[in-house]
Amino acid sequence: MISSGLREHKKRQTRRAIASAALDLALDAGLAGVTTERIVGRAGVSARTFSNYFSCKEEAVVAGHAEELGERFLALLRSRPGNEPPRISVLSALQASLPQAGSSRYDRLLEIMRLFSSNSALSGFCLSHCVRVEREVADLVAGRLGADAARDPYPWVLAGTAVTGCRVALGRWAEDPDATDPHLLLEQVLSLAWGDLARGPERVFPGPFEPLPV
């Protein structure tokens, strides 16, 4: 009998193989040149297996990049010192998750960002991944601060601005990669977004916080 842990591991491997195949094809032939048939052929799975994991080629293409980058960022964030200010932890983890100039990963990221920015059909799926990462970041930040993520807006504002700032910085970098470094651009964008957050949650949102009535 296959254990539930092994079964889940195999599912993750299958999903990753399909998503990687979809992204590779999109980078090689453009999104218009990608079909479900070509994806399953490269991944070595059936069309039924594809439909068990993804609703369409666009979802698979985005997952090929977003899931890997998101997992890397969250792992780096969890490894930051527990007594470090959350905004420093988040910025450091984001910057460390991005590749360095001159590496193959750097060139590939640039290709991916240009693919995403030139195909509006991918936007909705990108946003879905951003929302999931925001939720995990907010929970991590709340845990570090001993805050109630359901009532305290600080972890959510920090998470939301971090994820959105990363998306903005990478988008601007993809438009003119020779003009700036994505790590520096990310720091500049978040410095603007975090002007008040640098003062700390107790200064920005003097408690107790009460949700607005619906």
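Placing dummy labels 7 Å off each Cα toward the beta-carbon, the span from Ile88 to Asp148 is 2.9 nm. Subtracting the Cα-Cα distance of Thr35 and Thr180 from their residue separation scaled by 0.36 nm leaves 48.7 nm. Size descriptors for the chain: radius of gyration and Dmax over Cα atoms are 19.1, 56 Å. Based on C-alpha pairs under 8 angstrom that are at least 6 apart in sequence, the chain has a relative contact order of 17 percent.
Remark: the Ser123-Gln13 segment gains 37.1 nm on full extension, using 0.36 nm per residue and subtracting the alpha carbon distance. Each stretch of four or more DSSP H residues adds -39500 (n - 2.57); spread over every residue of the chain, this sum gives -23000 deg cm²/dmol at 222 nm. Taking all C-alpha pairs of the range 1-51, those more than 14 Å from each other amount to 52 percent. Of the residues Gln95, Gln13, Phe54, the one whose Cα sits farthest towards the positive end of the charge dipole of the chain is Gln13 (charges of +1 on Lys and Arg Cβ, -1 on Asp and Glu Cβ, taken about the Cα centre).
Across the range 95-190, the relative contact order, built from alpha-carbon pairs under 8 Å that are at least six residues apart, equals 29 percent. Using the beta-carbon distance between Asp107 and Gln188 and R0 = 25 Å, what value does 1/(1 + (r/R0)^6) give for FRET efficiency, to the nearest 0.05? Given R0 = 25 Å and the Cβ-Cβ separation, E is 0.65.
Bear in mind that the values in this text are calculations on the coordinates, not laboratory data. Given the structure is predicted, the values throughout are model-derived calculations rather than measurements. All Cβ positions, glycine included, derive from the backbone under ideal geometry; neighbour counts span all protein chains shown.
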